[in-house]
Amino acid sequence: MNRYMELNFQVERLQDIAVVNCSGRMVRGAALDQFRRRIEQLLEQLERVRVLVLDVSEVEQLDAAGLGTLLLVRRWATQRSAKVKLVNPPFFFRRLLEATHLTPMFEISSLKEAICILRANECPPRYAVA
């Protein structure tokens with residue numbers, strides 16, 4: 001398999017927010033196993049992660065193992081009182097979540113909403129209008 005097609009990810013921390021940029025194929029294999037181990041380490045660190053932002057906008061393929069990993073990451077985060085946000089999933093990614101009835105399991109955000117999370121003090125609060 002070509003290395004450029006494997007899952008690549010980069011983790012950045014900003015206080016209690018972790019941003020994971022993912023690209024390539026989120027499918028069964030060594031790269032997905034490495035991703036799972038890195039996220040587990042991240043969530044087990046002493047400095048608490050309040051929000052885990054997964055930017056999946058550049059993910060090109062997703063299989064059952066990838067979905068399972070996302071569910072596992074969500075469970076780990078929930079156990080540690082952290083939120084998981086999927087940012088800008090491609091159309092096929094959203095369709096797969098819908099087909100498997102997993103859409104309600106994840107908070108799906110646009111890039112703009114994710115930036116507001118990172119710049120909490122700069123974004124205006126949203127108010128419900130009755």
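Rule-based calculations on the coordinates, nothing more; no lab input. Computed from a predicted structure; not experimentally measured. Using ideal geometry, Cβ is built from the backbone for each residue, glycine included, and neighbour counts are taken over all protein chains shown.
Structure data summary
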| quantity | calculated |
| --- | --- |
| In nm, spacing of pseudo-spin labels at K83 and E98 (7 Å Cα→C-beta vector) | 2.4 |
| R0 of 41 Å, Cβ-Cβ distance A64-Q15: FRET efficiency to nearest 0.05 | 0.75 |
| Per-peptide average of other Cβ atoms within 10 Å, ordering 91-103, 49-61 highest first | 49-61, 91-103 |
